[in-house]
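Only one structure is covered here, and it is reproduced in the block below.
The values are calculated or read from the model by the stated rules, or taken from the named source; none is laboratory data. For clarity, every value in this text was computed on a predicted model and none was experimentally measured. Note that each Cβ is placed from the backbone with ideal geometry, even for glycine, and that neighbours are counted across all protein chains shown.
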């Protein structure tokens with residue numbers, strides 16, 4: 001099994017919740033914990049608490065005993081890296097593991113960089129995945145901590161970056177058909193997924209009129225979990241320590257998501 005730690009800004013949108021569920025349902029993955037990171041630019045100074053409560057709700061509804069931890073409260077300060085409960089959990093997990101642990105981040109890269117700055121000797125025991133960035137860098141995870149995003153590729157650790165331009169269109173999902181699949185889940189999480197989709201529609205009335213008009217949403221964060229499993233990554237460019245994903249197969253990733261939930265998919 002693949003030991004995995006997820007770092008999420010859960011409820012920034014709706015795909016972090018899907019990523020947690022995907023990791024929990026994947027038989028190949030041993031989910032060690034979920035860390036809630038900051039995205040104060042998007043959800044204010046209390047963002048970590050908002051995301052932490054949402055992650056706890058997902059884990060409770062899935063009847064999981066996986067623990068969740070609060071990560072950084074603020075964007076990166078390179079002169080004073082923040083030692084959060086989330087960073088402490090990663091340090092403990094890496095220190096006690098005989099094999100590499102994959103740490104996948106679907107929010108700002110704050111906690112990855114804090115870990116690497118605070119414990120540079122322990123950080124190489126991890127393989128890092130960051131879903132963020134785009135051609136013009138006008139993307140939520142990048143903007144949530146520009147300093148961390150720029151520093152991340154310079155840390156010298158094994159890193160896979162999945163820019164949003166690699167996943168956005170490929171992971172564009174018709175939420176009506178997605179919900180038809182979710183309704184087949186015989187578990188409390190199914191009702192909550194329905195409420196999340198309704199919440200996303202309501203929230204996107206003004207800010208994301210295009211997606212609301214066509215009833216689509218890019219469930220990009222699923223690609224971070226798929227990458228940990230080596231599923232759906234079709235093109236990549238590799239350097240010494242950093243690999244950039246150039247293309248993903250959205251159909252394959254969504255199909256695997258529903259396969260893990262034992263549900264037949266609707267195209």
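Set side by side, the residues 30, 88, 16 differ, and just one is at pLDDT 95 or above and outside any helix (DSSP H, G or I), which is 30. When restricted to residues that are in a helix (DSSP H, G or I) and under 17 Å from the mean Cα position of the chain (by Cα), the range 162-183 contains 4.
Of the listed requirements (1) in contact with a strand residue (DSSP E or B) (Cβ under 7 Å, 6 or more places away or on another chain); (2) at pLDDT below 95, residue 98 misses just one: (1). Taken over the range 59-71, the residue count meeting the criterion of being surrounded by fewer than 23 Cβ atoms within 10 Å (Cβ to Cβ) and assigned to a loop (DSSP other than H, G, I, E, B) is 6. Could we say that residue 1 is surrounded by fewer than 20 Cβ atoms within 10 Å (Cβ to Cβ) and either in contact (Cβ under 8 Å) with a residue 60 or more places away in the chain or touching a strand residue (DSSP E or B) at 6+ places or on another chain (Cβ under 8 Å) (or both) here? Against the criterion (surrounded by fewer than 20 Cβ atoms within 10 Å (Cβ to Cβ) and either in contact (Cβ under 8 Å) with a residue 60 or more places away in the chain or touching a strand residue (DSSP E or B) at 6+ places or on another chain (Cβ under 8 Å) (or both)), residue 1 qualifies. Annotation note: of 103, 35, the sole residue that is under 13 Å from residue 225 (Cα atoms), surrounded by 17 or more Cβ atoms within 10 Å (Cβ to Cβ) and modelled with pLDDT of 95 or more is 103. Entry remark, the range 46-58: residues being surrounded by fewer than 20 Cβ atoms within 10 Å (Cβ to Cβ) and either within 23 Å of residue 186 (Cα to Cα) or in contact with a strand residue (DSSP E or B) (Cβ under 6 Å, 6 or more places away or on another chain) (or both) number 2 in total.
Taking every residue in the range 185-199 that is part of a loop (DSSP other than H, G, I, E, B) and pairing it with any residue that is at pLDDT below 85, at least 6 positions away or on another chain, the pairs with Cβ-Cβ distances below 8 Å are 185/263.
A quick yes/no check of all residues on (1) surrounded by 16 or more Cβ atoms within 10 Å (Cβ to Cβ); (2) in contact with a strand residue (DSSP E or B) (Cβ under 7 Å, 6 or more places away or on another chain); (3) part of a loop (DSSP other than H, G, I, E, B); (4) at negative phi:
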| site | (1), (2), (3), (4) |
| --- | --- |
| 129 | yes, yes, no, yes |
| 133 | yes, yes, yes, no |
| 137 | no, no, yes, no |
| 141 | yes, yes, no, yes |
| 148 | yes, no, no, yes |
| 152 | yes, yes, no, yes |
| 157 | yes, yes, yes, yes |
| 160 | yes, yes, no, yes |
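Checked across the range 225-235, the condition of being crowded, with 18+ Cβ neighbours inside 10 Å and either modelled with pLDDT under 95 or in a strand (DSSP E or B) (or both) holds for at least one residue. Scanning the range 106-125 for residues that are touching a helix residue (DSSP H, G or I) at 6+ places or on another chain (Cβ under 8 Å) and either free of Cβ contacts under 8 Å to residues at least 40 places away in the same chain or surrounded by fewer than 20 Cβ atoms within 10 Å (Cβ to Cβ) (or both) turns up 115, 118, 119, 122, 123, 125. Would you confirm whether or not the range 38-45 contains a residue that is assigned to a helix (DSSP H, G or I), crowded, with 20+ Cβ neighbours inside 10 Å, free of Cβ contacts under 8 Å to residues at least 60 places away in the same chain and within 17 Å of the chain's Cα centre (by Cα)? No, the range 38-45 has no match at all.
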